[in-house]
Amino acid sequence: MSKRRTTLAEIAGAAGVSVATVSKVLNDRADVSAETRRRVQKHLRDSDYRPTGVDSVRPPNHSRSIEVVVPELQNPYIIGVLAGITTSAAAEGFEVVIGRQLSPDHSVLNPRALLSSDHAGAIFITADAASASLKVLDDAGFPVVVVDPLRINDSKCISIGATNFTGGVTAAEYLLSLGHRHIGHAGGPHSVDCSHARLAGYSSALRKAGIKLDESLVTHGAFTYDAGRQAAPDLLDRSDRPTAIFAASDEIALGIMEEARRRSLRIPQDLSVVGFDDTFLASRSVPPLTTVAQPLLEMGRVATRSLAQMITNDVVSTRYIELATRLVVRDSTAPVSA
(Lines give C-alpha, C1' and ligand atoms only; values in the text may rest on other atoms or scores of the structure.)
Protein backbone atom coordinates (compact mmCIF):
# COMPACT_ATOMS: atom_id res chain seq x y z
CA MET A 1 0.00 0.00 0.00
CA SER A 2 1.39 3.46 -0.94
CA LYS A 3 2.31 5.87 1.81
CA ARG A 4 -0.14 8.74 2.34
CA ARG A 5 1.29 12.08 1.23
CA THR A 6 1.80 14.69 3.94
CA THR A 7 -0.24 17.84 3.27
CA LEU A 8 0.82 21.47 3.54
CA ALA A 9 -1.68 21.91 6.38
CA GLU A 10 -0.02 19.12 8.38
CA ILE A 11 3.43 20.65 7.84
CA ALA A 12 2.08 24.04 8.94
CA GLY A 13 0.49 22.56 12.06
CA ALA A 14 3.67 20.72 13.04
CA ALA A 15 5.78 23.84 12.54
CA GLY A 16 3.30 26.12 14.28
CA VAL A 17 2.88 28.44 11.30
CA SER A 18 0.24 29.17 8.64
CA VAL A 19 -0.08 27.28 5.37
CA ALA A 20 0.81 30.51 3.58
CA THR A 21 4.12 30.64 5.49
CA VAL A 22 4.99 27.09 4.42
CA SER A 23 4.22 28.13 0.84
CA LYS A 24 6.54 31.10 1.18
CA VAL A 25 9.35 28.86 2.39
CA LEU A 26 8.82 26.46 -0.52
CA ASN A 27 8.79 29.43 -2.91
CA ASP A 28 11.95 30.83 -1.29
CA ARG A 29 10.26 34.15 -0.59
CA ALA A 30 12.16 36.68 1.50
CA ASP A 31 9.45 37.67 3.99
CA VAL A 32 10.07 34.74 6.38
CA SER A 33 12.43 34.94 9.35
CA ALA A 34 15.52 32.73 9.35
CA GLU A 35 14.36 30.81 12.42
CA THR A 36 10.90 30.14 10.97
CA ARG A 37 12.45 29.09 7.66
CA ARG A 38 14.77 26.58 9.40
CA ARG A 39 11.88 25.15 11.43
CA VAL A 40 9.62 24.72 8.39
CA GLN A 41 12.43 23.23 6.30
CA LYS A 42 13.16 20.67 9.05
CA HIS A 43 9.53 19.50 9.07
CA LEU A 44 9.52 19.36 5.27
CA ARG A 45 12.63 17.17 5.30
CA ASP A 46 11.35 14.95 8.12
CA SER A 47 8.08 14.31 6.28
CA ASP A 48 9.77 13.88 2.90
CA TYR A 49 7.19 16.32 1.51
CA ARG A 50 6.71 16.29 -2.29
CA PRO A 51 4.24 18.87 -3.68
CA THR A 52 1.83 17.60 -6.34
CA GLY A 53 -1.44 18.67 -7.97
CA VAL A 54 -3.37 21.66 -6.64
CA ASP A 55 -1.58 21.44 -3.28
CA SER A 56 1.68 22.38 -4.95
CA VAL A 57 2.95 25.91 -4.65
CA ARG A 58 4.06 28.03 -7.55
CA PRO A 59 7.69 28.54 -8.40
CA PRO A 60 8.96 32.13 -7.97
CA ASN A 61 7.25 34.31 -10.58
CA HIS A 62 8.77 37.51 -11.90
CA SER A 63 5.97 38.27 -14.36
CA ARG A 64 4.57 41.79 -14.57
CA SER A 65 1.10 40.70 -15.66
CA ILE A 66 -1.97 40.36 -13.44
CA GLU A 67 -5.25 38.69 -14.34
CA VAL A 68 -8.62 40.26 -13.57
CA VAL A 69 -11.41 37.71 -13.17
CA VAL A 70 -14.96 39.04 -13.62
CA PRO A 71 -18.51 37.67 -13.76
CA GLU A 72 -19.27 39.69 -16.91
CA LEU A 73 -18.01 42.68 -18.88
CA GLN A 74 -21.27 44.51 -19.63
CA ASN A 75 -22.01 45.47 -16.03
CA PRO A 76 -21.41 49.22 -15.45
CA TYR A 77 -20.24 48.50 -11.89
CA ILE A 78 -17.55 46.14 -13.24
CA ILE A 79 -16.48 48.74 -15.81
CA GLY A 80 -16.05 51.36 -13.07
CA VAL A 81 -13.82 49.11 -10.96
CA LEU A 82 -11.83 48.00 -14.03
CA ALA A 83 -11.04 51.61 -14.85
CA GLY A 84 -9.41 52.01 -11.44
CA ILE A 85 -7.49 48.74 -11.80
CA THR A 86 -6.04 49.60 -15.21
CA THR A 87 -5.05 53.11 -14.14
CA SER A 88 -3.24 51.90 -11.03
CA ALA A 89 -1.68 48.90 -12.80
CA ALA A 90 -0.06 51.21 -15.34
CA ALA A 91 1.41 53.29 -12.51
CA GLU A 92 2.70 50.14 -10.77
CA GLY A 93 4.22 48.78 -13.98
CA PHE A 94 1.82 45.85 -14.40
CA GLU A 95 -0.01 44.67 -17.50
CA VAL A 96 -3.68 43.80 -16.99
CA VAL A 97 -5.18 40.73 -18.64
CA ILE A 98 -8.96 40.34 -18.56
CA GLY A 99 -9.16 36.62 -18.12
CA ARG A 100 -11.46 33.87 -16.98
CA GLN A 101 -15.04 34.58 -16.12
CA LEU A 102 -16.53 33.48 -12.82
CA SER A 103 -19.15 30.76 -12.70
CA PRO A 104 -22.83 31.77 -12.29
CA ASP A 105 -22.46 31.59 -8.49
CA HIS A 106 -19.35 33.83 -8.72
CA SER A 107 -16.95 31.14 -7.51
CA VAL A 108 -13.58 30.48 -9.18
CA LEU A 109 -13.84 27.91 -11.95
CA ASN A 110 -10.38 26.33 -11.96
CA PRO A 111 -7.64 27.37 -9.53
CA ARG A 112 -5.17 25.05 -11.29
CA ALA A 113 -5.30 27.25 -14.38
CA LEU A 114 -4.17 30.30 -12.42
CA LEU A 115 -1.49 28.38 -10.54
CA SER A 116 0.01 27.21 -13.82
CA SER A 117 -0.28 30.60 -15.53
CA ASP A 118 2.45 33.18 -16.02
CA HIS A 119 0.54 35.82 -14.06
CA ALA A 120 2.02 37.30 -10.90
CA GLY A 121 -1.36 37.54 -9.19
CA ALA A 122 -5.08 38.07 -9.74
CA ILE A 123 -7.91 40.41 -8.82
CA PHE A 124 -11.41 38.95 -8.57
CA ILE A 125 -14.41 41.27 -8.84
CA THR A 126 -17.51 40.18 -6.86
CA ALA A 127 -16.18 36.67 -6.26
CA ASP A 128 -17.00 34.50 -3.27
CA ALA A 129 -13.95 35.06 -1.05
CA ALA A 130 -14.97 32.09 1.10
CA SER A 131 -14.98 29.63 -1.82
CA ALA A 132 -12.85 26.50 -1.79
CA SER A 133 -11.16 27.59 -5.02
CA LEU A 134 -9.85 30.82 -3.52
CA LYS A 135 -8.62 28.90 -0.48
CA VAL A 136 -6.58 26.69 -2.81
CA LEU A 137 -4.96 29.79 -4.33
CA ASP A 138 -4.27 31.31 -0.92
CA ASP A 139 -2.79 28.06 0.44
CA ALA A 140 -0.49 27.89 -2.58
CA GLY A 141 0.81 31.41 -1.94
CA PHE A 142 -0.76 32.86 -5.11
CA PRO A 143 -1.40 36.61 -4.57
CA VAL A 144 -5.14 37.32 -4.71
CA VAL A 145 -7.32 40.36 -3.97
CA VAL A 146 -11.13 40.31 -4.09
CA VAL A 147 -13.13 43.46 -4.82
CA ASP A 148 -16.61 43.56 -3.27
CA PRO A 149 -16.67 39.91 -2.14
CA LEU A 150 -20.02 38.15 -2.05
CA ARG A 151 -19.02 36.40 1.19
CA ILE A 152 -16.01 36.78 3.44
CA ASN A 153 -16.61 34.43 6.40
CA ASP A 154 -13.15 33.31 7.60
CA SER A 155 -11.43 33.95 4.26
CA LYS A 156 -7.78 35.01 4.46
CA CYS A 157 -7.94 36.81 1.10
CA ILE A 158 -7.42 40.55 1.01
CA SER A 159 -10.80 42.13 0.25
CA ILE A 160 -11.75 45.63 -0.87
CA GLY A 161 -15.29 46.86 -0.24
CA ALA A 162 -17.36 49.89 0.69
CA THR A 163 -19.32 51.00 3.74
CA ASN A 164 -22.53 49.25 2.70
CA PHE A 165 -24.28 49.52 6.07
CA THR A 166 -23.57 53.24 6.30
CA GLY A 167 -24.73 53.66 2.71
CA GLY A 168 -28.04 52.01 3.55
CA VAL A 169 -28.45 54.29 6.56
CA THR A 170 -27.64 57.36 4.46
CA ALA A 171 -30.17 56.47 1.74
CA ALA A 172 -33.02 55.82 4.18
CA GLU A 173 -32.25 58.86 6.34
CA TYR A 174 -32.29 61.10 3.27
CA LEU A 175 -35.71 59.80 2.21
CA LEU A 176 -36.96 60.23 5.77
CA SER A 177 -35.69 63.84 5.73
CA LEU A 178 -37.91 64.44 2.68
CA GLY A 179 -40.94 63.36 4.70
CA HIS A 180 -41.26 59.81 3.38
CA ARG A 181 -42.44 57.28 5.95
CA HIS A 182 -43.59 54.44 3.69
CA ILE A 183 -40.29 53.40 2.10
CA GLY A 184 -39.72 50.17 0.18
CA HIS A 185 -36.43 48.38 -0.37
CA ALA A 186 -35.58 46.54 -3.59
CA GLY A 187 -32.68 44.49 -2.24
CA GLY A 188 -29.94 42.32 -3.69
CA PRO A 189 -29.56 38.53 -3.40
CA HIS A 190 -30.21 36.85 -0.03
CA SER A 191 -26.81 35.15 -0.06
CA VAL A 192 -24.62 38.24 -0.52
CA ASP A 193 -22.96 40.06 2.39
CA CYS A 194 -23.37 43.57 0.93
CA SER A 195 -27.12 42.95 0.41
CA HIS A 196 -27.50 42.16 4.10
CA ALA A 197 -25.48 45.24 5.07
CA ARG A 198 -27.51 47.63 2.89
CA LEU A 199 -30.78 46.16 4.17
CA ALA A 200 -29.51 46.39 7.75
CA GLY A 201 -28.60 50.06 7.25
CA TYR A 202 -32.03 50.85 5.80
CA SER A 203 -33.72 48.98 8.67
CA SER A 204 -31.59 50.76 11.26
CA ALA A 205 -32.53 54.20 9.94
CA LEU A 206 -36.25 53.31 9.97
CA ARG A 207 -36.00 51.94 13.49
CA LYS A 208 -34.22 55.09 14.69
CA ALA A 209 -37.09 57.13 13.22
CA GLY A 210 -39.61 55.02 15.12
CA ILE A 211 -40.82 53.13 12.04
CA LYS A 212 -41.22 49.37 12.24
CA LEU A 213 -39.76 47.46 9.30
CA ASP A 214 -42.52 46.13 7.03
CA GLU A 215 -41.13 42.91 5.54
CA SER A 216 -43.71 43.05 2.75
CA LEU A 217 -41.97 46.21 1.48
CA VAL A 218 -38.64 44.36 1.04
CA THR A 219 -37.81 42.33 -2.08
CA HIS A 220 -34.69 40.40 -3.08
CA GLY A 221 -33.15 39.72 -6.48
CA ALA A 222 -30.04 40.07 -8.58
CA PHE A 223 -28.26 43.43 -8.93
CA THR A 224 -29.68 43.87 -12.43
CA TYR A 225 -32.12 46.00 -14.42
CA ASP A 226 -34.32 42.98 -15.14
CA ALA A 227 -34.41 42.11 -11.43
CA GLY A 228 -35.61 45.66 -10.71
CA ARG A 229 -38.43 45.29 -13.21
CA GLN A 230 -39.36 41.91 -11.71
CA ALA A 231 -39.42 43.33 -8.17
CA ALA A 232 -41.52 46.35 -9.14
CA PRO A 233 -44.99 44.74 -9.10
CA ASP A 234 -44.57 43.65 -5.46
CA LEU A 235 -43.87 47.25 -4.52
CA LEU A 236 -45.92 49.30 -6.99
CA ASP A 237 -49.10 47.26 -7.47
CA ARG A 238 -50.31 47.37 -3.89
CA SER A 239 -53.02 49.58 -2.45
CA ASP A 240 -50.58 51.08 0.04
CA ARG A 241 -47.85 51.73 -2.53
CA PRO A 242 -44.66 53.15 -1.00
CA THR A 243 -43.91 56.79 -1.70
CA ALA A 244 -40.19 56.04 -2.01
CA ILE A 245 -37.94 53.07 -2.81
CA PHE A 246 -34.31 52.49 -1.88
CA ALA A 247 -32.78 50.09 -4.41
CA ALA A 248 -29.65 48.06 -3.64
CA SER A 249 -28.04 48.95 -6.99
CA ASP A 250 -28.42 51.55 -9.73
CA GLU A 251 -29.54 48.89 -12.20
CA ILE A 252 -32.30 47.70 -9.87
CA ALA A 253 -33.35 51.34 -9.43
CA LEU A 254 -33.53 51.90 -13.20
CA GLY A 255 -35.69 48.79 -13.59
CA ILE A 256 -38.03 50.10 -10.88
CA MET A 257 -38.21 53.49 -12.61
CA GLU A 258 -39.11 51.90 -15.96
CA GLU A 259 -41.95 49.94 -14.38
CA ALA A 260 -43.13 53.09 -12.59
CA ARG A 261 -43.33 54.91 -15.93
CA ARG A 262 -45.32 52.01 -17.40
CA ARG A 263 -47.81 52.58 -14.59
CA SER A 264 -47.97 56.33 -15.30
CA LEU A 265 -46.23 57.12 -12.01
CA ARG A 266 -44.17 60.29 -12.17
CA ILE A 267 -40.66 60.33 -10.72
CA PRO A 268 -40.12 62.02 -8.33
CA GLN A 269 -43.59 63.55 -7.92
CA ASP A 270 -45.35 60.22 -7.28
CA LEU A 271 -42.37 58.04 -6.37
CA SER A 272 -38.88 58.88 -5.15
CA VAL A 273 -36.11 56.41 -6.03
CA VAL A 274 -32.58 56.07 -4.60
CA GLY A 275 -29.99 53.69 -6.07
CA PHE A 276 -26.62 52.38 -4.95
CA ASP A 277 -23.23 52.43 -6.77
CA ASP A 278 -23.24 55.69 -8.80
CA THR A 279 -22.26 54.03 -12.06
CA PHE A 280 -22.15 56.12 -15.23
CA LEU A 281 -25.79 55.16 -15.87
CA ALA A 282 -27.01 57.05 -12.80
CA SER A 283 -26.33 60.53 -14.20
CA ARG A 284 -27.75 59.56 -17.63
CA SER A 285 -31.11 58.20 -16.54
CA VAL A 286 -34.33 60.21 -16.92
CA PRO A 287 -34.58 61.77 -14.43
CA PRO A 288 -30.96 61.52 -13.21
CA LEU A 289 -30.78 59.07 -10.32
CA THR A 290 -30.11 59.98 -6.71
CA THR A 291 -27.77 57.27 -5.46
CA VAL A 292 -25.29 56.16 -2.83
CA ALA A 293 -21.90 56.36 -4.52
CA GLN A 294 -19.33 53.65 -4.07
CA PRO A 295 -15.81 54.89 -4.92
CA LEU A 296 -15.50 52.43 -7.81
CA LEU A 297 -12.31 53.89 -9.29
CA GLU A 298 -10.61 54.01 -5.91
CA MET A 299 -11.70 50.45 -5.09
CA GLY A 300 -9.94 49.31 -8.25
CA ARG A 301 -6.85 51.37 -7.47
CA VAL A 302 -6.62 50.10 -3.88
CA ALA A 303 -7.06 46.52 -5.07
CA THR A 304 -4.18 46.88 -7.52
CA ARG A 305 -1.88 48.55 -4.99
CA SER A 306 -2.65 45.83 -2.43
CA LEU A 307 -1.92 43.11 -4.98
CA ALA A 308 1.35 44.80 -5.95
CA GLN A 309 2.37 44.80 -2.28
CA MET A 310 1.69 41.06 -2.05
CA ILE A 311 3.63 40.35 -5.23
CA THR A 312 6.68 42.27 -4.02
CA ASN A 313 6.43 40.73 -0.52
CA ASP A 314 5.59 44.05 1.16
CA VAL A 315 3.50 43.82 4.32
CA VAL A 316 -0.23 44.42 3.78
CA SER A 317 -1.55 46.06 6.93
CA THR A 318 -5.12 44.74 6.87
CA ARG A 319 -7.09 41.94 5.26
CA TYR A 320 -10.30 43.91 4.69
CA ILE A 321 -10.42 47.51 3.48
CA GLU A 322 -13.68 49.48 3.50
CA LEU A 323 -13.89 52.71 1.52
CA ALA A 324 -16.45 55.39 2.35
CA THR A 325 -19.74 55.80 0.48
CA ARG A 326 -21.51 59.12 -0.05
CA LEU A 327 -24.94 60.29 -1.15
CA VAL A 328 -25.23 61.94 -4.57
CA VAL A 329 -28.52 63.85 -4.84
CA ARG A 330 -30.05 64.20 -8.30
CA ASP A 331 -33.60 64.53 -9.63
CA SER A 332 -35.18 61.16 -8.83
CA THR A 333 -36.08 62.20 -5.28
CA ALA A 334 -38.35 64.91 -3.88
CA PRO A 335 -40.31 65.69 -0.72
CA VAL A 336 -43.32 63.43 -0.23
CA SER A 337 -46.40 64.92 -1.91
CA ALA A 338 -49.43 65.87 0.11
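The values are calculated or read from the model by the stated rules, or taken from the named source; none is laboratory data. From a predicted model like this one, the values you see are computed outputs, not experimental measurements. Positions of Cβ are backbone-derived with ideal geometry, glycine not excepted, and every protein chain shown enters the neighbour counts.
Those residues that are surrounded by 24 or more Cβ atoms within 10 Å (Cβ to Cβ) and not β-branched (V, I, T), I need them from the range 233-267; list them, please. Within the range 233-267, A244, F246, A247, A248, S249, D250, E251, A253, L254, M257 qualify. Residues satisfying the criterion are absent from the range 306-324 (criterion: among the basic types (K, R) and in the same structural domain as A197 (by TED's automatic domain parsing)).
Would you say I321 is in contact with a helix residue (DSSP H, G or I) (Cβ under 8 Å, 6 or more places away or on another chain), among the β-branched types (V, I, T) and modelled with pLDDT of 95 or more? So I321 does not fit the description; no. Taking the range 195-232 as the range and being surrounded by 22 or more Cβ atoms within 10 Å (Cβ to Cβ) and of a type in the set (D, E, K, R) as the test, only R198 passes.
In the range 92-102 there is at least one residue that is outside any strand (DSSP E or B) and either under 14 Å from F142 (Cβ atoms) or at pLDDT below 80 (or both). G179 falls short on exactly one of the conditions (1) among the small types (G, A, S); (2) under 16 Å from the mean Cα position of the chain (by Cα); (3) surrounded by fewer than 20 Cβ atoms within 10 Å (Cβ to Cβ), and that condition is (2). If you go through the range 233-292 and keep only what is within 23 Å of I79 (Cβ to Cβ) and hydroxyl-bearing (S, T, Y), you end up with S249, T279, S283, S285, T290, T291. Which one of these does R238 not meet: (1) outside any helix (DSSP H, G or I); (2) over 28 Å from L206 (Cα atoms)? All conditions are met except number (2). Number of residues in the range 280-338 that are assigned to a loop (DSSP other than H, G, I, E, B), more than 23 Å from the chain's Cα centre (by Cα) and not acidic (D, E) equals 15. Could you check, for the range 297-309, whether at least one of its residues is surrounded by 20 or more Cβ atoms within 10 Å (Cβ to Cβ) and under 19 Å from E173 (Cβ atoms)? Looking through the range 297-309, none of the residues is surrounded by 20 or more Cβ atoms within 10 Å (Cβ to Cβ) and under 19 Å from E173 (Cβ atoms).
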